[in-house]
Structures are given as structure tokens and as C-alpha cells.
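Trainee: Would you mind keeping the following structure in view while I ask a few things?
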Amino acid sequence: MKILVCVKHVVDTTEVRVDQNGELVLRGVPTKINDYDKNAIEEAVKIKQATNGEVTLLTIGPKEAQKTLKEGLAMGADNAYLVEDTDVSKYDSVQIAKILSKAIQKLGGFDLIFAGSVSEDISNNITGISLAEWLGYENISYVQKIDVAGSKVTTERKIGQTIETIEAELPVVVTVDRSINTPRLPTAIQIMKVKANRIKTMSLSELDNLDGVTANVSLRDYNIVSTQRKKVIFEGDLDGAVNNLVEELSREGVF
């Protein structure tokens, strides 16, 4: 079985800061693999091991995105491809999906395609859905469990209080929820041992039929919403302070 995982190279949003002028400070912020995509890789590797398959990783981004691909290879993927572009933020998610679809077609097609349901930086949840549309594949989103038997997948996902069971014939694009598994964490040494020649690079000019893919996203303005803590201090003995804290939280509607 040929399995592909679309992964995204993102900034660590927990490390983004605002300076005294209210400007976002992105210089020096570390980058990493999108957390949801780790779950996608983990599930792909598990299916690979059960079916004697092969897992390929695909991303679009700057040369630095090789860092993300190396981590995915250390998790158990077999191959990795980078569509190199210095600034992917200029494309919306639908265009990113189109670029990925053309790269997938160039690579020869796959039986099962995984992606994370959400990216930590944009969080619009539509790249996987759009990818399926561009490829003409079935799509199942927010999957929490998946079983593969022959040419069919059976999946489960939770919508509200309802568990849905969905079956589909391969090929299919599946976006996964974080609850689907606990991804393995390769050590720094394992990542360093991944040879650079396992990552193949292609340019946009090598992909066919990218008509309509243009830089259509730009940042015009943003506002930083500041919050102030109340800084309430409860004094006295421990039991009394705890009771006062509980009463205050109740008044605030926390309980």
C-alpha cells in the first residue's frame, strides 16, 4: 500500500511574542512540525507496518522545512519530498491544496493520503478537504480511528455526542484528530541520523497545470488584544484562603 502524509512546517506559536510597540516578534522563533501532522504520520506508519506498505511525506515550504521532514522520517516514514517555496504564506489553503495535488500526481498517486485536521498557525481546517477535491478522491475528516482491509477503509469520528462510522473505497484522503493516537517521539540523535539525501526537492516550475495559483494572501493589519490580571491575593490561613478563592471563582462564573 502506498501511503502519503501531507505535513506542514510551522512556527512554534507558544514562542511568538509581542514587543513594546505592539509588533509581533517572529525573528528567532523556533519552527517545528505541525502537532496534528505527527498523529497523521504515526497512523500512517502503523498501517505501513500492518500492510507491508510504504510511507511518503510531502510538504511545501522553504528549505528550512527539511527539518520537519527529517523528524517525520525518524518517526518511520520511508521517503520525503519538499516543494520548495520561500514564502508559502502568500497562498491560501485552497491553492496550497492544489499545489500538493499536482505534486502527488507527479509522484504517481497514492492509495491512502493522511493530513492533520488542523494547522497550528492558520487553523482553517480546509486544506485536506480541498486536496481531496483537487484529486477527485473521497474525503473523511476529523478521524479518531481507522482500519484498513483490502481496498476499503472504515473510520470513526465524533460529531457532538454522536460517533459516526464511515466506510470508503481507496483512494481516500483522511484528516486525523489528535485523539487518534499518541505519536512516537524520535530522539534528537535519531533525527540527526536521517540522511539529507532521503529528502527530494522539487520546484513549482516542475509541476503541471498550476494555472490560477497566485499570491492572493497578504497581511494588511492586525490588533493585539491586551489582558490585565486582577492580581487578587487571599491572605490568612490556608483553609480560609481556599474558601475565599472558591467563592470568588463562583462569583466570576468559573464554577
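Trainee: What do you reckon, is A50 surrounded by 21 or more Cβ atoms within 10 Å (Cβ to Cβ), closer than 19 Å to D111 by Cβ and in contact (Cβ under 8 Å) with a residue 24 or more places away in the chain?
Mentor: On the way: surrounded by 21 or more Cβ atoms within 10 Å (Cβ to Cβ): no; closer than 19 Å to D111 by Cβ: yes; in contact (Cβ under 8 Å) with a residue 24 or more places away in the chain: yes.
Against the criterion (surrounded by 21 or more Cβ atoms within 10 Å (Cβ to Cβ), closer than 19 Å to D111 by Cβ and in contact (Cβ under 8 Å) with a residue 24 or more places away in the chain), A50 does not qualify.
Trainee: Exactly one condition in (1) over 15 Å from the mean Cα position of the chain (by Cα); (2) over 24 Å from N197 (Cβ atoms); (3) hydrophobic (A, V, I, L, M, F, W, C); (4) surrounded by 20 or more Cβ atoms within 10 Å (Cβ to Cβ) is not met by L73; state its number.
Mentor: Every condition holds for L73 apart from (2).
Trainee: Being assigned to a strand (DSSP E or B), in contact (Cβ under 8 Å) with a residue 12 or more places away in the chain and under 17 Å from L204 (Cβ atoms), is that true of even one residue in the stretch 14-36?
Mentor: No, the stretch 14-36 contains no residue that is assigned to a strand (DSSP E or B), in contact (Cβ under 8 Å) with a residue 12 or more places away in the chain and under 17 Å from L204 (Cβ atoms).
Trainee: Oh, and also: Scan the stretch 86-101 and tell me whether some residue there is under 30 Å from V225 (Cα atoms), of a type in the set (K, R) and assigned to a strand (DSSP E or B).
Mentor: no
Trainee: Does A168 count as small (G, A, S) and touching a Lys or Arg at 6+ places or on another chain (Cβ under 8 Å)? Break it down into steps so the answer makes sense when it comes.
Mentor: Details: small (G, A, S): yes; touching a Lys or Arg at 6+ places or on another chain (Cβ under 8 Å): yes.
Answer is yes for this residue.
Trainee: Condition check: assigned to a loop (DSSP other than H, G, I, E, B) and surrounded by 15 or more Cβ atoms within 10 Å (Cβ to Cβ). Does S141 satisfy that?
Mentor: On the way: assigned to a loop (DSSP other than H, G, I, E, B): no; surrounded by 15 or more Cβ atoms within 10 Å (Cβ to Cβ): yes.
For S141, the condition - assigned to a loop (DSSP other than H, G, I, E, B) and surrounded by 15 or more Cβ atoms within 10 Å (Cβ to Cβ) - is not met.
Trainee: Kindly indicate the residue of the stretch 102-133 that is part of a loop (DSSP other than H, G, I, E, B) and charged (D, E, K, R) and also nearest to the chain's Cα centre (by Cα) among those meeting that condition.
Mentor: So, considering only residues that are part of a loop (DSSP other than H, G, I, E, B) and charged (D, E, K, R), the one nearest to the chain's Cα centre (by Cα) is E120.
Every number in this text was worked out from the coordinates using simple rules, so none of it is lab data. For clarity, every value in this text was computed on a predicted model and none was experimentally measured. All Cβ positions, even for glycine, are placed from backbone atoms using ideal geometry, and neighbour counts span all protein chains on display.
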